[in-house]
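Right, one structure below, let's go through it.
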Amino acid sequence: MDIQHWLATLPQRLRTEASKDLTAVFQFQVDDWAAWVAINNTHASGETGYHESPDVTLTASLETFKALGKGRLSGMTAVMQGKLKVKGSLPLASRLPELFTLNELE
């Protein structure tokens with residue numbers, strides 16, 4: 001699975017029990033490619049490109065996102081090593097694994 005497909009299918013992998021009462025927009029910047037996912041309670045949607053007002057933006061290389069998607073690297077470790085940049089709500093970014101089923105990224 002490539003990063004575009006992985007991010008495009010993220011809305012379908014929302015864990016609705018974890019997203020109740022949450023409204024947020026996650027922006028992903030992977031090398032020269034961008035996509036965003038919006039959560040509105042138990043519904044998620046997304047598109048490629050840039051959202052005008054994301055709550056959190058996650059920026060990393062393709063290799064870093066692959067390591068995160070495969071579970072070989074934790075988000076906190078990636079941030080501490082400078083491999084993942086987070087702009088906006090760090091607490092919201094840390095909720096990604098609880099909000100979505102993060103299938104392996106090939």
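Using 17 Å as the cut-off for backbone N distance, which residues of region 22-45 belong to the label zone defined by a point 7 Å from the Cα of residue 96 along Cα→Cβ? Within reach of a label on residue 96, which here means backbone N under 17 Å from a point 7 Å along Cα→Cβ, region 22-45 contributes 24-39, 45. What are the aspartates and glutamates whose alpha-carbon lies under 13 Å from the alpha-carbon of residue 87, with same-chain residues fewer than 8 places away excluded? Filter leaves 55.
For the peptides 53-64, 14-25, residues were scored by their other Cβ atoms within 10 Å and the scores averaged per peptide; the highest-first order is 53-64, 14-25. Helix-only arithmetic for the chain: the sum of -39500 (n - 2.57) across DSSP H runs with n ≥ 4, divided by the residue total, places the mean residue ellipticity at 222 nm at -6500 deg cm²/dmol.
Spacing of the modelled spin labels on residue 21 and residue 33, each 7 Å from Cα toward Cβ, amounts to 3.7 nm.
Relative to the compact-globule estimate of 2.2 N^0.38 Å, the Cα radius of gyration of the chain comes out at 0.96.
A short reminder: the numbers here are calculations on the coordinates, not readings from a lab. Bear in mind the structure is a predicted one, so any value in this text is a computation, not a measurement. When we count neighbours, we look across all protein chains shown, and the Cβ atoms used for this are built from the backbone with ideal geometry, even at glycine.
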